[in-house]
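Comments concern the structure below.
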Ligand code: NAD
């Protein structure tokens, strides 16, 4: 398997493979950049089709974390862990303890937290083995706990900014939003969108999550294969990445794409494809930074929930600036965000 010549290799600093015989843990930690601080990013547990897909995910997600943390103004670089899910290594306290030891062995160059397939509870077992973990159960009104509600709050504000910019309305009342994936972030986002008066269309490949969403909220359920092509105003991807491609983009009817999923664009060129179709894309790592903002405040300590709220509310202004620049220059929003992130990292390196 190639690393230095891998298509997703982007001057990553290091790549680490971990195996634990007792629990069957197989994990990859990719450290993209520590120029701005220790590489921070969640741990994803997913059943990958093969090891190559897991490596690709780790490389792409860790670069995304460098960009996300830089644009959010955090003292963190970019890193990400993936745990290769399989039936021989089921989720267990022991598995996450083994993962915690792996994280600890990196001596603080990587800080973990929960991502897809992991929870606050799992992080408790990681914490028993290492201090380099955040997203732990919240105590009182201090920053901390499940980061996904914060991600959802940032996404709601980003959707509001995008709708105002592209559709010219400052209210979400009656705005049709298709949410792909009603997991941790997606369900919270649906709640917030519903409160704001939006009309909801949802899909999920997990029946239980779909059932929970439809029991709680007035949603129209759409088949997973159809959701992204729905006749809606906004598409909010909140599942996995690589959904915006040269094949899918021509069929998308939404005018705005703004959601939590990481790596929504298959390639940077897909951002230009969206701009050509006049679809306003909120760069994923800018709009979905709410969770890592909470994780960072928790990790560095002595912060309140209120401080997290203030930091998260700045996502809206960052997106607004990108949307305005895209309008005045005609450049794709993803290109502008990438440029901003790369400049911040380059400045830190100097
Ligand atoms: P999650 O695992 O709780 O939810 C993801 C949901 O998407 C699940 O219900 C899953 O069944 C569903 N799903 C998977 N494939 C699907 C498909 N093809 N169609 C429809 N649904 C599908 O994960 P999460 O924590 O809610 O994260 C969602 C996305 O947001 C991920 O890409 C994650 O990396 C990103 N993200 C999450 C956070 C956070 O705070 N949790 C922060 C930033 C970014």
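Worth pointing out:
- Ordering of 119-125, 130-136 by packing [mean C-beta count within 10 Å, highest first]: 130-136, 119-125
- Per residue convex hull volume, Cα atoms of segment 1-118, in Å³: 94 Å³
- Each peptide in 187-196, 229-238, 244-253 gets a packing score, the mean of other Cβ atoms within 10 Å over its residues, and the list from highest to lowest is 229-238, 187-196, 244-253.
- Distance between modelled label sites at residue 229 and residue 131, nm, 7 Å Cα→Cβ extension: 5.4 nm
- Rounded Å value of the spacing that divides the Cα centres of segment 171-219 and segment 229-296: 17 Å
- Segment 2-144 - percent relative contact order, Cα under 8 Å, separation 6 or more: 25 percent
- Paramagnetic reach from residue 221 (point 7 Å along Cα→Cβ, amide N under 15 Å) across segment 187-201: 201
- Relative contact order computed over the chain (Cα-Cα under 8 Å; 6+ residues apart), in percent: 16 percent
- Modelled spin-label separation between residue 167 and residue 22, with each label point placed 7 Å from Cα along the Cα-to-Cβ direction: 5.4 nm.
- Angle between the chain longest axis and helix 184-195 axis [Cα atoms, degrees, rounded to 10]: 30 degrees
- Taking a quarter of the surface of the Cα convex hull of segment 167-314 gives a mean projected area of 9.5 nm².
- Helical mean residue ellipticity (222 nm; -39500 (n - 2.57) per DSSP H run of 4+; nearest 500) of the chain: -13500 deg cm²/dmol
- Pairwise FRET efficiency - residue 142 versus residue 52, Cβ, R0 = 51 Å, nearest 0.05: 0.80
- Length, then width, then depth: along the principal axes, the Cα atoms of the chain run 53, 50, 43 Å.
- Value of relative contact order over segment 218-309, rounded to a whole percent, pairs C-alpha under 8 Å and six or more apart: 24 percent
- Approximating the spin labels as points 7 Å out from Cα along Cα→Cβ, the residue 92-to-residue 9 distance works out to 3.6 nm.
FYI, it's all coordinate maths here, none of it is from the lab. Given the structure is predicted, the values throughout are model-derived calculations rather than measurements. Every residue, glycine as well, gets a Cβ built from its backbone with ideal geometry; the counts of neighbours run over all protein chains shown.
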